[in-house]
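These notes concern the structure reproduced below.
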Amino acid sequence: MQAHSMIRQASLAVACIGLLASASNVLAQATGKDVYEQTCIACHGVDGTGVLPGIPDLTEPGGRLTKPEELLIEHTINGFQSPGSPMAMPPRGGNAALTEQDARAVVRYMIDAFGPR
Ligand code: HEC
């Protein structure tokens, strides 16, 4: 009897540790919105329309965010300049600490928040 309930308690404890570990993973990982607000908003603006001439309006129908998501992620990581464009998208938005996971999250956020639907 006692052994049985000890095993139950032990497995409950293990389950709790697992939950805590995944909760702290979520906390440590910046959301796409966090990344956008920290690194991208300076150029792309609160509403995605761009703060300066030369920065594309991401909300435009048929615009940048209609490109394949993987390509947008690649351009976020490696930077991008269209032919004749007066201004380039800097690699990682100019933030060397931006991870691939951040790039994936922020591109998804931009598509959800600003993408033409
Ligand atoms: C210094 C200003 C600046 C910052 C900061 C910046 N961008 Fe950009 N971004 C640009 C410009 C300019 C372009 C258009 C470049 C071109 O087409 O020549 C662009 C284009 C893009 C595109 C479209 C690429 C394509 O294939 O057409 C995406 C996606 C993008 N930026 C994502 C981001 C993300 C994500 C961040 C933050 C991590 C970010 N940008 C930060 C200036 C910036």
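Please treat every number below as a calculation from the coordinates, not as lab data. The model shown is predicted, which means the values in this text are computed figures rather than measured ones. Glycine gets a Cβ as well: all are built from the backbone with ideal geometry, and neighbour counts include every protein chain shown.
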List residues of the stretch 86-117, by number, whose backbone nitrogen lies under 16 Å from a label position 7 Å along Cα→C-beta of Glu60.
86-89, 114-117
Relative contact order (%) - criterion: Cα under 8 Å, at least six apart; region: the stretch 31-114:
35 percent
For Phe80, list long-range residues whose amide hydrogen, built 1.01 Å from N in the peptide plane, is under 5 Å from its own amide hydrogen.
Met89
For the residue pair Asp47 and Asn95, what label-to-label distance in nm results when each label sits 7 Å from Cα along the Cα-to-beta-carbon direction?
2.3 nm
How large is ³J(HN,Hα), in whole Hz, for each residue of the stretch 30-46 in order, when computed from phi with the Karplus curve 6.51 cos²θ - 1.76 cosθ + 1.60 and θ = phi - 60°, using x for Gly and Pro?
5, 7, x, 5, 4, 4, 4, 5, 7, 10, 9, 4, 4, 9, 7, x, 4
